[in-house]
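Below is one structure, written out as C-alpha coordinates; comments come after it.
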Amino acid sequence: PGMQGTMKSPLLVAIRDALVERNWSVLRFNFRGVGGSEGEFGDGLDEVDDAIAGVRFVRGEHPDAPVAILGWSFGAAVAMRAAAREPEIEACVAIAPSVAPKPGISRGVPTPSDLGLDVPLLIVCGANDDVTPPEAAREWAAEAGAHYEEIAAANHFFWAKYDPLIGTVAGFLEEAV
(Lines give C-alpha, C1' and ligand atoms only; values in the text may rest on other atoms or scores of the structure.)
Protein backbone atom coordinates (compact mmCIF):
# COMPACT_ATOMS: atom_id res chain seq x y z
CA PRO A 1 0.00 0.00 0.00
CA GLY A 2 2.74 2.50 0.83
CA MET A 3 4.18 2.03 -2.66
CA GLN A 4 0.77 2.39 -4.41
CA GLY A 5 0.23 -1.32 -5.11
CA THR A 6 -3.32 -2.48 -5.77
CA MET A 7 -5.06 -5.66 -6.87
CA LYS A 8 -5.18 -4.10 -10.34
CA SER A 9 -1.40 -4.15 -10.76
CA PRO A 10 -0.65 -5.75 -14.15
CA LEU A 11 1.54 -8.41 -12.52
CA LEU A 12 -1.28 -9.57 -10.25
CA VAL A 13 -3.82 -9.52 -13.08
CA ALA A 14 -1.51 -11.66 -15.24
CA ILE A 15 -1.01 -14.18 -12.44
CA ARG A 16 -4.74 -14.29 -11.77
CA ASP A 17 -5.51 -14.90 -15.44
CA ALA A 18 -2.92 -17.66 -15.71
CA LEU A 19 -4.11 -19.44 -12.57
CA VAL A 20 -7.77 -19.22 -13.56
CA GLU A 21 -6.81 -20.66 -16.94
CA ARG A 22 -5.30 -23.59 -14.99
CA ASN A 23 -8.63 -24.07 -13.13
CA TRP A 24 -7.65 -22.39 -9.87
CA SER A 25 -10.25 -20.24 -8.14
CA VAL A 26 -8.63 -16.91 -7.32
CA LEU A 27 -9.59 -14.18 -4.89
CA ARG A 28 -7.87 -10.81 -5.21
CA PHE A 29 -8.52 -7.92 -2.87
CA ASN A 30 -7.08 -4.58 -1.88
CA PHE A 31 -5.67 -4.23 1.59
CA ARG A 32 -7.32 -1.83 4.01
CA GLY A 33 -7.18 1.79 2.87
CA VAL A 34 -6.17 0.89 -0.71
CA GLY A 35 -8.24 1.45 -3.85
CA GLY A 36 -11.45 2.35 -2.05
CA SER A 37 -11.16 -0.34 0.64
CA GLU A 38 -12.23 0.75 4.09
CA GLY A 39 -9.79 1.01 6.95
CA GLU A 40 -6.30 2.36 7.44
CA PHE A 41 -2.84 1.03 6.74
CA GLY A 42 -1.78 -1.46 9.42
CA ASP A 43 1.97 -1.65 8.78
CA GLY A 44 1.72 -5.20 7.42
CA LEU A 45 0.34 -6.63 10.66
CA ASP A 46 -3.37 -5.78 10.59
CA GLU A 47 -3.43 -6.78 6.92
CA VAL A 48 -2.71 -10.36 7.96
CA ASP A 49 -6.24 -10.49 9.39
CA ASP A 50 -7.55 -9.29 6.00
CA ALA A 51 -5.66 -12.06 4.21
CA ILE A 52 -6.90 -14.71 6.63
CA ALA A 53 -10.48 -13.47 6.18
CA GLY A 54 -10.01 -13.87 2.43
CA VAL A 55 -8.70 -17.42 2.89
CA ARG A 56 -11.67 -18.31 5.07
CA PHE A 57 -14.06 -16.85 2.49
CA VAL A 58 -12.46 -18.96 -0.24
CA ARG A 59 -12.64 -22.05 1.97
CA GLY A 60 -16.35 -21.41 2.49
CA GLU A 61 -16.92 -21.12 -1.26
CA HIS A 62 -14.76 -24.13 -2.13
CA PRO A 63 -14.70 -26.41 0.93
CA ASP A 64 -12.90 -29.30 -0.76
CA ALA A 65 -10.36 -27.38 -2.86
CA PRO A 66 -6.75 -26.85 -1.81
CA VAL A 67 -6.01 -23.34 -0.55
CA ALA A 68 -2.79 -21.51 -1.24
CA ILE A 69 -1.88 -17.88 -0.65
CA LEU A 70 0.21 -15.66 -2.89
CA GLY A 71 1.43 -12.15 -2.42
CA TRP A 72 3.77 -9.70 -4.10
CA SER A 73 6.14 -7.33 -2.28
CA PHE A 74 4.24 -5.98 0.76
CA GLY A 75 1.54 -8.57 0.04
CA ALA A 76 4.15 -11.34 0.03
CA ALA A 77 5.24 -10.45 3.55
CA VAL A 78 1.58 -10.45 4.61
CA ALA A 79 0.98 -13.80 2.86
CA MET A 80 3.93 -15.37 4.68
CA ARG A 81 2.63 -14.16 8.05
CA ALA A 82 -0.89 -15.38 7.20
CA ALA A 83 0.37 -18.80 6.11
CA ALA A 84 2.10 -19.18 9.47
CA ARG A 85 -1.13 -18.42 11.35
CA GLU A 86 -3.91 -19.98 9.28
CA PRO A 87 -4.13 -23.79 9.19
CA GLU A 88 -6.36 -23.72 6.07
CA ILE A 89 -3.40 -22.52 3.97
CA GLU A 90 -1.58 -25.43 2.35
CA ALA A 91 1.11 -23.52 0.41
CA CYS A 92 2.49 -20.01 0.11
CA VAL A 93 4.06 -18.09 -2.77
CA ALA A 94 5.96 -14.92 -1.92
CA ILE A 95 6.95 -12.84 -4.93
CA ALA A 96 9.68 -10.28 -4.15
CA PRO A 97 8.77 -10.33 -0.45
CA SER A 98 9.74 -7.38 1.69
CA VAL A 99 11.47 -9.54 4.28
CA ALA A 100 13.39 -6.60 5.77
CA PRO A 101 11.43 -3.89 7.58
CA LYS A 102 10.93 -0.61 5.76
CA PRO A 103 9.55 2.07 8.11
CA GLY A 104 6.16 3.32 6.98
CA ILE A 105 5.96 0.68 4.25
CA SER A 106 6.30 -2.80 5.78
CA ARG A 107 7.16 -4.49 9.04
CA GLY A 108 8.93 -7.12 6.98
CA VAL A 109 8.90 -10.73 8.10
CA PRO A 110 10.21 -12.24 11.34
CA THR A 111 13.11 -14.66 11.13
CA PRO A 112 12.03 -18.11 9.90
CA SER A 113 12.35 -19.58 13.40
CA ASP A 114 10.21 -16.79 14.87
CA LEU A 115 7.62 -16.96 12.08
CA GLY A 116 7.06 -20.70 12.36
CA LEU A 117 5.85 -21.22 8.79
CA ASP A 118 5.41 -24.94 8.12
CA VAL A 119 3.80 -25.15 4.69
CA PRO A 120 5.57 -25.39 1.34
CA LEU A 121 6.94 -21.94 0.53
CA LEU A 122 8.17 -20.54 -2.77
CA ILE A 123 10.05 -17.26 -2.77
CA VAL A 124 10.59 -15.73 -6.22
CA CYS A 125 12.63 -12.61 -6.93
CA GLY A 126 13.83 -10.78 -9.97
CA ALA A 127 17.61 -10.77 -10.33
CA ASN A 128 17.49 -7.01 -11.01
CA ASP A 129 15.00 -6.05 -8.30
CA ASP A 130 16.03 -2.69 -6.84
CA VAL A 131 13.04 -2.47 -4.47
CA THR A 132 13.37 -5.81 -2.69
CA PRO A 133 16.99 -6.93 -2.78
CA PRO A 134 17.09 -10.56 -3.94
CA GLU A 135 20.00 -11.23 -1.58
CA ALA A 136 17.80 -10.62 1.47
CA ALA A 137 15.03 -12.88 0.17
CA ARG A 138 17.54 -15.56 -0.86
CA GLU A 139 19.10 -15.57 2.62
CA TRP A 140 15.67 -15.70 4.30
CA ALA A 141 14.62 -18.60 2.05
CA ALA A 142 17.82 -20.53 2.74
CA GLU A 143 17.39 -20.15 6.49
CA ALA A 144 13.74 -21.26 6.21
CA GLY A 145 14.43 -24.20 3.92
CA ALA A 146 12.05 -22.64 1.39
CA HIS A 147 12.23 -23.10 -2.35
CA TYR A 148 13.88 -20.04 -3.91
CA GLU A 149 13.81 -19.03 -7.57
CA GLU A 150 15.40 -16.00 -9.16
CA ILE A 151 14.17 -14.83 -12.55
CA ALA A 152 17.07 -13.63 -14.69
CA ALA A 153 16.91 -10.03 -15.91
CA ALA A 154 13.64 -9.38 -14.04
CA ASN A 155 12.99 -6.26 -11.98
CA HIS A 156 10.53 -5.80 -9.10
CA PHE A 157 7.62 -5.62 -11.55
CA PHE A 158 8.80 -8.56 -13.69
CA TRP A 159 8.27 -6.53 -16.88
CA ALA A 160 8.66 -8.82 -19.91
CA LYS A 161 9.22 -11.73 -17.52
CA TYR A 162 5.64 -12.73 -16.72
CA ASP A 163 5.92 -16.07 -18.54
CA PRO A 164 8.86 -17.44 -16.53
CA LEU A 165 7.35 -16.07 -13.32
CA ILE A 166 3.94 -17.59 -13.99
CA GLY A 167 5.49 -20.91 -15.02
CA THR A 168 7.48 -21.02 -11.79
CA VAL A 169 4.47 -20.11 -9.63
CA ALA A 170 2.02 -22.46 -11.34
CA GLY A 171 4.50 -25.36 -11.32
CA PHE A 172 5.14 -24.89 -7.60
CA LEU A 173 1.43 -24.70 -6.73
CA GLU A 174 0.53 -27.73 -8.81
CA GLU A 175 3.25 -29.74 -7.06
CA ALA A 176 2.69 -28.36 -3.55
CA VAL A 177 -1.07 -28.85 -3.33
Quick check: at a probe of 1.4 Å, how many percent of the accessible area of the chain sits on carbon and sulfur atoms?
50
Taking just the alpha-carbon atoms of segment 85-177, what radius of gyration and Dmax come out, in angstrom?
13.1, 36
If you average over every viewing direction, what projected area does the convex hull of the Cα atoms of the chain give, in nm²?
9.1
Compute the accessible area per residue over the chain, keeping the other protein chains in place, probe 1.4 Å, unit Å².
49
Using a 10 angstrom cutoff on alpha carbons, build the Gaussian network for the chain and name the most mobile of A65, A76, A100.
A65
With both bridge residues required to lie in segment 56-177, what share of the DSSP beta bridges run antiparallel, to the nearest 5%?
5
Take peptides 112-125, 84-97 and line them up by average Cβ neighbours within 10 Å, highest first, as a rough protection proxy.
84-97, 112-125
Report the residues of segment 67-96 in range of a label on V131: point 7 Å along Cα→C-beta, backbone N strictly under 18 Å from it.
70-80, 93-96
Using the 2.2 N^0.38 Å rule of thumb for compact globular proteins, work out how segment 120-165 stacks up: its C-alpha Rg over that value, please.
1.09
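The values are calculated or read from the model by the stated rules, or taken from the named source; none is laboratory data. All figures in this text were calculated on a predicted structure; none of them were measured in a lab. Heads up, the Cβs are rebuilt from the backbone with ideal geometry, glycines too, and the neighbour counts pull from every protein chain shown. Side chains are part of the model used for accessible areas, which takes the heavy atoms of the whole protein and leaves out ligands, DNA and RNA. Shrake-Rupley method; radii C 1.70, N 1.55, O 1.52, S 1.80 Å.
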